[in-house]
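I have placed the structure first, in the form of structure tokens, so that the comments after it can refer back to it.
The values are calculated or read from the model by the stated rules, or taken from the named source; none is laboratory data. Given the structure is predicted, the values throughout are model-derived calculations rather than measurements. Methodologically, a virtual Cβ is constructed for each residue, glycine included, from the backbone with ideal geometry; neighbour enumeration extends over all protein chains shown. These accessible areas exclude ligands, DNA and RNA; they are computed on the full protein's heavy atoms, side chains included. Shrake-Rupley method; radii C 1.70, N 1.55, O 1.52, S 1.80 Å.
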Amino acid sequence: MKIGILGTGFGVVHVETFVNHPLVSEIVVFSRKQESLDPIIKQFGVISTTKLEDILTDPDIKIVTIALPPKLQVEFAIKAMEHGKDVICEIPVSPILADIEKLTAVSHQTGKRVLVDLFDRFTTPAKIAHEMINSGEYGRVCHVSMTNAAGPVWGNHPLPLNALPIEMSYSDFDFLSWCLGDLQVKSVAAVERDEHSSAASTLLEGLNGLPIVLTNSALPTKVYAVQSCWQIFFEEATLSYYEKSWSTAGDNKAEMLLYSDDEVQSIDLPKHNHYFASLDYSLRKIVSGEKGLTDLEQSIPALKLVMELEQQLKS
């Protein structure tokens, strides 16, 4: 199968995933700038083009993956479906619910699908949490606390309050709603230090009044790297997770502990690339025609929570 990849930023991850994929025979990468394509051509030896039409009009390209800013993702996804191609988009597909509804309508009209790279669902900790919650082994969930804080490890990427919900909270909302079902934003306390950094602590409510506290912060310095932690308090146990990543000091680590009445158990966290896993899963679901975890509608609960949070921040 021949696929097209739009974008050379995070699109590089798409190239890495599919360049030696057993279901992919050839890749064509698009960017409007040749200088963005040159390093990818040199590293991976793929075909490239600066003309979007080369991908859209190629009858052998059956799937297009898109790793571009949201406005372009929606526009290009519609064009790809109208040219008979299935699509895999990055998150956020769009910060606007009407865009998702438009994509859904075009999908129905064309018979082509849009899947979304909901990569957080494919991390080992997320899969363990999801399974433990849904098994009911330790009773119902009584409380959840989650913090995700990041220094400027990705270069000049400002995160003021008007950007924080879609840029930082979205993935965490997806993890929480995937594990816990329907959620509502009840309140938020937030601070904006300057035009580059902010933080927000959001109180959410789940089924039967379940309280969930999520803190997203872009206040740390670069040496802080990215640090995430969460605790899920069950009736009969507590699942605790901590991770430090993107550290220039090389002290990255991850640890998961399960606290019961009698013991503390360390849970093994096998390493794997969740970005690769999510993209591979989406490709195989398109090929098989099966529905799954990355269908477009799966991205809607987190987007609705982002919109609720944005409204709270404006009020």
Selection within the stretch 129-162 - within 17 Å of the chain's Cα centre (by Cα) and farther than 29 Å from Gly250 by Cα: His130
Please go through the stretch 282-296 and pick out each residue that is of a type outside the set (D, E, K, R), touching a helix residue (DSSP H, G or I) at 6+ places or on another chain (Cβ under 9 Å) and over 15 Å from Asp174 (Cβ atoms). Leu283
Among the residues of the stretch 115-145, which ones are touching a residue at least 60 places away in the same chain (Cβ under 8 Å), assigned to a helix (DSSP H, G or I) and over 18 Å from Ser171 (Cα atoms)? Met132, Ile133
When (1) within 18 Å of Val306 (Cβ to Cβ); (2) open to solvent by less than 20 Å² (accessible area, probe 1.4 Å); (3) part of a strand (DSSP E or B) are applied to Asn148, the one that fails is (2)
Report yes if Arg121 is more than 19 Å from the chain's Cα centre (by Cα), closer than 23 Å to Tyr241 by Cα and modelled with pLDDT of 95 or more, otherwise no. no
Looking at Lys112, Lys71, Lys102, Lys62, can you tell me which residue is out of contact with any Pro (no Cβ under 6 Å at 6 or more places or on another chain), outside any loop (DSSP other than H, G, I, E, B) and more than 21 Å from Ala302 (Cα to Cα)? Lys62
Output yes when any residue across the stretch 68-83 is in contact with a Gly (Cβ under 9 Å, 6 or more places away or on another chain), at pLDDT 95 or above and among the small types (Gly, Ala, Ser), and no when none is. yes
What number of residues within the stretch 167-215 are over 17 Å from Thr147 (Cβ atoms), aliphatic (A, V, I, L, M) and open to solvent by 60 Å² or more (accessible area, probe 1.4 Å)? 1
When you scan the stretch 41-75, how many residues do you find that are open to solvent by less than 50 Å² (accessible area, probe 1.4 Å), of a type in the set (Val, Ile, Thr) and touching a strand residue (DSSP E or B) at 6+ places or on another chain (Cβ under 6 Å)? 8
Quick check, is Pro92 within 22 Å of Tyr281 (Cβ to Cβ) and touching a Pro at 6+ places or on another chain (Cβ under 6 Å)? yes
Anything in the stretch 163-191 that is modelled with pLDDT of 95 or more and not in a helix (DSSP H, G or I)? List them, or say none. Gly181, Asp182, Leu183, Gln184, Val185, Lys186, Ser187, Val188, Ala189, Ala190, Val191
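Please work out which residue is most open to solvent (accessible area, probe 1.4 Å), limiting yourself to the stretch 76-96 and to residues that are hydrophobic (A, V, I, L, M, F, W, C) and assigned to a helix (DSSP H, G or I). Let's see the steps before the verdict.
Quick first cut of the stretch 76-96, residues hydrophobic (A, V, I, L, M, F, W, C) only: 76-78, 80-81, 87-89, 91, 93, 96.
Applying the additional criterion that residues be assigned to a helix (DSSP H, G or I) yields 76-78, 80-81.
Details: Phe76: 6, Ala77: 0, Ile78: 21, Ala80: 0, Met81: 2 Å².
Applying the filter and picking the extreme gives Ile78.
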